[in-house]
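Visitor: Have a look at this one before I ask anything.
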Amino acid sequence: MSSQSSDVSRQTSDSTGAYLNRYDVKASMDALANGSLKDVPVAIKDIIVVANDYPSTAASKILEPFKSPYDATVIKKLSEAGAVITGKTNLDEFAMGSSTENSALGKTVNPWDESRVPGGSSGGSAAAVASGDAPLALGTDTGGSVRQPAAFCGVVGFKPTYGRVSRYGLVAMASSLDQAGMFGRKVEDVATLLQAVAGPDQEHDATSVDQPIPDFRKALTGDVKGLKVGLPKEYFIDGIQSEVEKAVRTAADELKAAGAEVTEVSLPHTKYSIAIYYIIMPAESSSNLARYDGIRYGLSVPDATSLLDTYLETREQGFGDEVKRRIMLGTYVLSAGYYDAYYKKAEAVRSVIRQEFDEVFKNVDVLLTPTTPTTAFKIGEKTDDPLRMYLNDIFTVPANLAGLPAISVPAGFDKQGLPIGLQLMGKQWDEETVLRTAHAYESKHDWHAKSPGDSK
Ligand code: GLN
């Protein structure tokens, strides 16, 4: 798919469904290898707004036809770093999903096996990087939407600490969980992308934080001697694919051989993560999505006879089923009489989960887990069973609830040739240790150099 030519005309990618401009592979790869984004193409999940050139759809009919009058802060920063915005990528509508099947624009397939999903919700960005359509991509991660598709597509996916990167210009899903994330083939490339977009943006996003910004590439020393790695026992549960578990345990052994200390730790409240995520996320989403009323953005049904009808008909026609399901769930858990029982309780459990991470991180520097319980599943396999779909995020959601940095790195392939991902989670603001560990592990393997279609 990626071409040697520097032709910048728009191309349609057959495997990802994304519209991506071709780019000069050699020049951009040289720049990237030196830690520069000068002329490096970056594909953008279509939930991040880019002024004028591209419509911003969030993969929803309700935003049709919407063009943003402004650039998201991450886009502005990329442009300042010299990067080229090469196209918009497909996603689950409003980032709600784990398979990129919930898109009003059609499905995206997994470049490793086109009968399978690429993961979601940033499936288009992950597939674009895996198939070579773009060396880098941005996504968003509210409950795992960067790390889970990275694992399914055999690329690196990183979610920084909540507050590290401005959310201005990210179409809001659940504001206390949303964070921009990045994809690349290698940890080093992801560090370069993070460097460009990190930093406070108080004027536009009050939750962005003015923390010192380290040189993330410098953190990639390859040295893990004395590093304390925790294996949380709750992440090795029944139902996890044996090859995935084996890959993570082997990684633990390899880190140990390189001088790290590996211990088992416990995060007992992790088991409530999915349950409380599916209260907090819909609550915030239902409130954020109230703005799509047929008046202010995109779609407005032409034949409504009253203002109320405009609201109702536009939302009925504009939103897909999964989005409607979450709006209903969210409205329910926030309604009088249920607020205390559901929303408030979920927030209390969220605090306990955060405290548990704080405790564990007194004794370890980084946590090692699978990214997903299984490798990529078949298209259509889980579409009729939302609960099974939701369980895909069981290992990724806790980092969002606690606001922690977390990465998925390629960890080999299963018997069917599908990529496996492992996850590393770190302390708040300690992206450096997460990246350092991921890079040290990555450098012992050549999985990142493999592409779909290579002979196995
Ligand atoms: N798959 C999760 C969900 O559907 C996560 C989504 C995300 O991170 N945007 O909510």
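Visitor: What about ALA81, is it out of contact with any strand residue (DSSP E or B) (no Cβ under 8 Å at 6 or more places or on another chain) and over 21 Å from ARG325 (Cα atoms)? Steps first, answer last, please.
Guide: Working: out of contact with any strand residue (DSSP E or B) (no Cβ under 8 Å at 6 or more places or on another chain): yes; over 21 Å from ARG325 (Cα atoms): yes.
Here the answer is yes, as ALA81 does meet what is asked.
Visitor: Restricting to segment 88-98, and then to whatever is charged (D, E, K, R) and not in a loop (DSSP other than H, G, I, E, B), can you tell me which residue is farthest from the ligand (Cβ to nearest atom)? Spell out the reasoning first.
Guide: In the first step, residues of segment 88-98 are kept if they are charged (D, E, K, R); the result is 88, 92-93.
Next, from what is left, pick out any that are not in a loop (DSSP other than H, G, I, E, B): 88, 93.
Numbers: LYS88: 16, GLU93: 10 Å.
Among them, the one singled out is LYS88.
Visitor: Hey, GLY239 hits all of (1) in a loop (DSSP other than H, G, I, E, B); (2) within 20 Å of ILE420 (Cβ to Cβ); (3) over 24 Å from the mean Cα position of the chain (by Cα); (4) not aliphatic (A, V, I, L, M) but one; which does it fall short on?
Guide: It is condition (3) that GLY239 fails.
Visitor: On to the next question. Assess whether GLN179 counts as being in contact (Cβ under 8 Å) with a residue 60 or more places away in the chain and under 21 Å from ALA449 (Cα atoms).
Guide: On the way: in contact (Cβ under 8 Å) with a residue 60 or more places away in the chain: yes; under 21 Å from ALA449 (Cα atoms): no.
It is false that GLN179 is in contact (Cβ under 8 Å) with a residue 60 or more places away in the chain and under 21 Å from ALA449 (Cα atoms).
Visitor: What residue, of LEU401, LEU391, LEU435, LEU418, is among the hydrophobic types (A, V, I, L, M, F, W, C) and closer than 20 Å to LEU138 by Cα? If you could, list the steps in order and put the result at the bottom.
Guide: Values: LEU401 fails: closer than 20 Å to LEU138 by Cα; LEU391 fails: closer than 20 Å to LEU138 by Cα; LEU418 fails: closer than 20 Å to LEU138 by Cα.
After applying the criteria, what remains is LEU435.
Visitor: Now for a different question. Return the residues of segment 246-272 that are aliphatic (A, V, I, L, M) and outside any helix (DSSP H, G or I); say none if nothing qualifies.
Guide: Narrowing segment 246-272 to residues aliphatic (A, V, I, L, M): 247-248, 251-252, 255, 257-258, 260, 262, 265, 267.
ALA258, ALA260, VAL262, VAL265, LEU267, listed by residue number.
Visitor: Filter segment 367-389 for residues that are under 18 Å from ARG325 (Cα atoms), within 17 Å of the chain's Cα centre (by Cα) and assigned to a loop (DSSP other than H, G, I, E, B) and give the result.
Guide: Hits for segment 367-389: nothing passes.
Visitor: Which numbered condition trips up THR374, out of (1) surrounded by fewer than 20 Cβ atoms within 10 Å (Cβ to Cβ); (2) within 19 Å of ALA258 (Cα to Cα)?
Guide: Of the numbered conditions (1) surrounded by fewer than 20 Cβ atoms within 10 Å (Cβ to Cβ); (2) within 19 Å of ALA258 (Cα to Cα), the odd one out for THR374 is (2).
Visitor: Hey, among ASP430, ASP358, ASP393, which residue is charged (D, E, K, R) and closer than 25 Å to THR331 by Cα? Explain how you work it out, then say what you get.
Guide: Numbers: ASP430 fails: closer than 25 Å to THR331 by Cα; ASP358 fails: closer than 25 Å to THR331 by Cα.
Result: ASP393 is the single residue among ASP430, ASP358, ASP393 that is charged (D, E, K, R) and closer than 25 Å to THR331 by Cα.
Condition check ((1) within 16 Å of the ligand (Cβ to nearest atom); (2) more than 17 Å from ILE279 (Cβ to Cβ); (3) assigned to a helix (DSSP H, G or I)) across all residues:
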| site | (1), (2), (3) |
| --- | --- |
| LYS345 | no, no, yes |
| PHE395 | yes, yes, no |
| ILE407 | yes, yes, no |
| PRO410 | no, yes, no |
| LEU435 | no, yes, yes |
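Visitor: Being of a type in the set (A, V, I, L, M, F, W, C) and outside any helix (DSSP H, G or I) narrows it down to one residue among VAL301, VAL323; which is it?
Guide: Values: VAL323 fails: outside any helix (DSSP H, G or I).
Exactly one of VAL301, VAL323 is of a type in the set (A, V, I, L, M, F, W, C) and outside any helix (DSSP H, G or I), namely VAL301.
Visitor: Does segment 27-36 contain at least one residue that is under 18 Å from the mean Cα position of the chain (by Cα) and buried (at least 23 other Cβ atoms within 10 Å of the Cβ)?
Guide: Kept after step one, since they are under 18 Å from the mean Cα position of the chain (by Cα), are these residues of segment 27-36: none.
Scanning segment 27-36, I find no residue that is under 18 Å from the mean Cα position of the chain (by Cα) and buried (at least 23 other Cβ atoms within 10 Å of the Cβ), so the answer is no.
Visitor: Among the residues of segment 86-94, is there at least one that is modelled with pLDDT of 95 or more and surrounded by fewer than 24 Cβ atoms within 10 Å (Cβ to Cβ)?
Guide: Residues of segment 86-94 modelled with pLDDT of 95 or more: 88-94.
The next check asks that each one be surrounded by fewer than 24 Cβ atoms within 10 Å (Cβ to Cβ); those that pass are none.
Checked segment 86-94: no residue is modelled with pLDDT of 95 or more and surrounded by fewer than 24 Cβ atoms within 10 Å (Cβ to Cβ).
Visitor: Of everything in segment 309-343 that's aliphatic (A, V, I, L, M) and surrounded by fewer than 15 Cβ atoms within 10 Å (Cβ to Cβ), which residue is farthest from the ligand (Cβ to nearest atom)? Before the answer, list the steps.
Guide: Step one: filter segment 309-343 for residues aliphatic (A, V, I, L, M), giving 312, 323, 327-329, 333-334, 336, 341.
Right, trim to surrounded by fewer than 15 Cβ atoms within 10 Å (Cβ to Cβ) and you get 328, 336, 341.
Values: MET328: 15, ALA336: 25, ALA341: 22 Å.
In this case the residue turns out to be ALA336.
Visitor: Are any residues in segment 276-298 over 16 Å from ALA95 (Cβ atoms) and in a helix (DSSP H, G or I), and if so, which ones? Reasoning before the result, please.
Guide: So the first thing to find is which residues in segment 276-298 are over 16 Å from ALA95 (Cβ atoms), and the list is 276, 279, 290, 293-298.
Within segment 276-298, ILE276, ILE279, ALA290 qualify.
Visitor: Among the candidates GLY294, GLY298, single out the residue that is more than 27 Å from the chain's Cα centre (by Cα) and away from the ligand (no atom under 16 Å from the Cβ). Working first, answer last.
Guide: On the way: GLY298 fails: more than 27 Å from the chain's Cα centre (by Cα).
Selected residue: GLY294, the only one of GLY294, GLY298 that is more than 27 Å from the chain's Cα centre (by Cα) and away from the ligand (no atom under 16 Å from the Cβ).
Visitor: Pull up segment 351-378, narrow it to residues that are more than 16 Å from the ligand (Cβ to nearest atom) and of a type in the set (A, V, I, L, M), then point me to the one that is nearest to ILE240 (Cα to Cα).
Guide: Ranking the qualifying residues of segment 351-378, first place goes to LEU368.
Visitor: Against the definition (in a strand (DSSP E or B), at pLDDT 95 or above and closer than 25 Å to LEU194 by Cβ), how does GLN423 come out, yes or no?
Guide: Numbers: in a strand (DSSP E or B): yes; at pLDDT 95 or above: yes; closer than 25 Å to LEU194 by Cβ: yes.
Taking the combined requirement at face value, the residue satisfies it.
Visitor: Assuming ILE213 fulfils every condition listed in (1) more than 25 Å from the chain's Cα centre (by Cα); (2) free of Cβ contacts under 8 Å to residues at least 24 places away in the same chain apart from one, which condition is it?
Guide: Among (1) more than 25 Å from the chain's Cα centre (by Cα); (2) free of Cβ contacts under 8 Å to residues at least 24 places away in the same chain, ILE213 violates only (1).
The values are calculated or read from the model by the stated rules, or taken from the named source; none is laboratory data. These numbers come from a predicted model, not from an experiment. Neighbour counts run over all protein chains shown; Cβ positions are idealised from the backbone, glycine included.
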